[in-house]
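One structure is given below, encoded as structure tokens.
The values are calculated or read from the model by the stated rules, or taken from the named source; none is laboratory data. Owing to the predicted nature of the structure, the values given are computational and were not obtained by experimental measurement. Because the Cβ atoms are built from the backbone with ideal geometry, glycine has one as well, and the counts that use them run over all protein chains shown. Calculation scope for accessible area: heavy atoms of the full protein, side chains included, ligands and nucleic acids excluded. Shrake-Rupley method; radii C 1.70, N 1.55, O 1.52, S 1.80 Å.
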Amino acid sequence: MSTTMEPRAAPPATSEIDVHSFEHHWQDEADAAYLYRILAAAEPDPKKKDIYSRLADVEDRHVVVWSDLLVKHGHPPASFRPSGRARLLATFGKWFGPGFLLPMLLEEEGREVKAYLDMHRETPRGAPGGAEALVLARESADHATTLGGIAGKGAEPWHRTASGGFLRNVVYGFNDGLTANFGLVAGVIGATVNPHQAVVVAGMAGLIADALSMGSSGYLASKSEREVYDYEISMEKTEVDLMPEIERDELAVVYEAKGMDRESAHALATQIMADPQLMLKEQVQEELKIGELGMSPLKEGWLTGLATAFGAAIPVFPFLVWHGATAIVISFTIAMLSHFIVGAARSVFTGRGVFRSGFDMFVVGMGVALVGYFVGGWVGKLI
């Protein structure tokens, strides 16, 4: 018998950790606790207020998990300060109330589930953070289920059945009008020797055209939302057909979130599961909330068009008040500042940092201005 032994794989180096990832999760959990307390303070319903406060306490325990890991490996976290995005969400939450902040936290919990599951899969067995990520993924999924029940969106926050709401339409319409007309104004300045009258005429024409274009796009997008609903219903039907027990448990959680005791909720969901058509109908109503009317297509079109017009007016307005270099400098300054602000506002929906998102839009605005100016100058020489 051979005495040769196969080389054994070295155990994972448990002392090496991804400090950046740990600090990122620490900040996310601390931000979540902060926002849950903002949500609790804004919530008039005592029962919901208590739920949000308890969720904040759970997030505090998550913060301790990452803090202990960082301390253990020689990287203690700094004192907590809400991130720029968390402060922006808190401000909007205070302005618009729980109805705005709740869906944002629901999306955040959904993102956390995915991030923690990815971290668990990618972390070598026995390495720091892997087991903790799986535990936190499960608890984040529980949070999403709770919030989904309160928000009327069911237990699966990854289903997207809304067009984005009032604030999203305003931000994106404003952004489109600002960027497009800023490039147009810069092009006219580059193409003409005395650009004042040309900027006003071209800028106002661009404002009207872009507002009409975005408004009609918003209208058509809202009408097309039914197609998204149809797709979600077909996907839900597949889930009911292939995973009836899981769908039953999700439905039971929805009933429980509405106030039923656990046994009654499970019994009712089991009874409904016996009829696949009734099960699908109940899931569509209780989980996806399809059938509830949101903003009308006409109202959505008007809102998007007006927001676009307001953004497009920013680079043109200074030319209605000032002339020459003064108008050009003021137009450039307020347009670039507006690009940064609208980029920061977009971070509410994208999940990115406020400064990074604002800076990216600032760079985009600068690029649009330079390209517009030099292309305008080149075209002006040709004609």
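Remarks
- 1.4 Å probe accessible area per residue over the chain, in Å²: 54 Å²
- Exposed-site-free run, longest, the chain (rule: GluC sites (Glu not before Pro); DSSP loop; at most 15 other C-beta within 10 Å): 17-291
- About the Cα centre, charge dipole magnitude for the chain (Lys/Arg +1, Asp/Glu -1 at Cβ), debye: 1680 debye
- Computed from the C-beta positions of Ile208 and Arg168 and an R0 of 25 Å, the FRET efficiency is 0.60 to the nearest 0.05.
- For Arg168, the solvent-accessible surface with a 1.4 Å probe is about 50 Å², rounded to the nearest 10.
- Shape of the stretch 14-137, Cα gyration tensor, a/c cut at 1.5: prolate
- Solvent-accessible area of Arg356 with every protein chain in place, 1.4 Å probe, in Å² to the nearest 10: 140 Å²
- Between the Cα long axis of helix 84-96 and the first principal axis of the chain there is an angle of about 80°, rounded to the nearest 10.
- ³J(HN,Hα), Karplus 6.51/-1.76/1.60, whole Hz, each residue of the stretch 325-342, x for Gly, Pro: 5, 4, 4, 5, 5, 5, 4, 4, 5, 6, 5, 5, 5, 5, 4, 5, 5, 5
- Near-label residues of the stretch 166-196 by backbone N, under 19 Å of a point 7 Å along Cα→Cβ of Arg111: 166-172
- Annotation: extensible slack from Ala198 through Ala274 equals 20.3 nm (criterion: 0.36 nm per residue apart, minus Cα-Cα distance).
- Relative contact order of the stretch 35-88, pairs being alpha-carbon contacts under 8 Å that are 6 or more residues apart, as %: 25 percent
- Shape of the stretch 172-280 from the C-alpha gyration tensor: prolate (a/c of 1.5 or more and a/b above b/c, with a ≥ b ≥ c the square roots of its eigenvalues).
- Principal-axis tilt of helix 130-151 within the chain, Cα atoms, nearest 10 degrees: 70 degrees
- Net length gained if the chain between Ser21 and His73 were fully extended (0.36 nm per residue, minus Cα distance): 17.4 nm
- Each Cα pair under 8 Å and six or more residues apart adds its separation to the average, and for the chain the resulting relative contact order is 21 percent.
- Applying the Karplus relation 6.51 cos²θ - 1.76 cosθ + 1.60 with θ = phi - 60° to the stretch 200-210 yields 3J(HN,Hα) values of 4, 5, 5, x, 5, 5, x, 4, 5, 5, 5 Hz, where x marks Gly and Pro.
- Given charges at Cβ of Lys, Arg, Asp, Glu: the chain dipole, positive-most of Ser234, Val188, Pro98: Val188
- Stretched out straight at 0.36 nm per residue, the stretch from Asp241 to Lys281 would grow longer than its current Cα-Cα span by 13.1 nm.
- From the coordinates shown, log10 I(q)/I(0) by the Debye sum over Cα atoms at q = 0.08, 0.13 Å⁻¹ corresponds to which of (1) -0.58, -1.12; (2) -0.49, -1.14; (3) -0.42, -1.09: (1)
- Separation of the stretch 166-205 from the stretch 106-137 is 45 Å, based on Cα centroids.
- Residue of Pro82, Pro103, Pro276 that the Gaussian network model of the chain assigns the largest fluctuation, springs spanning Cα pairs under 10 Å: Pro276
- Residues in the stretch 65-95 that a label on Phe359 would reach, taking backbone N under 15 Å of a point 7 Å out along Cα→Cβ: 84-85
- Mean residue ellipticity at 222 nm, helices only, the chain: -27000 deg cm²/dmol; runs of at least 4 DSSP H residues each add -39,500 (n - 2.57), and the sum is divided by the number of residues.
- Taking a ≥ b ≥ c as the square roots of the eigenvalues of the Cα gyration tensor, the stretch 173-223 is classed as prolate, since a/c reaches at least 1.5 and a/b is larger than b/c.
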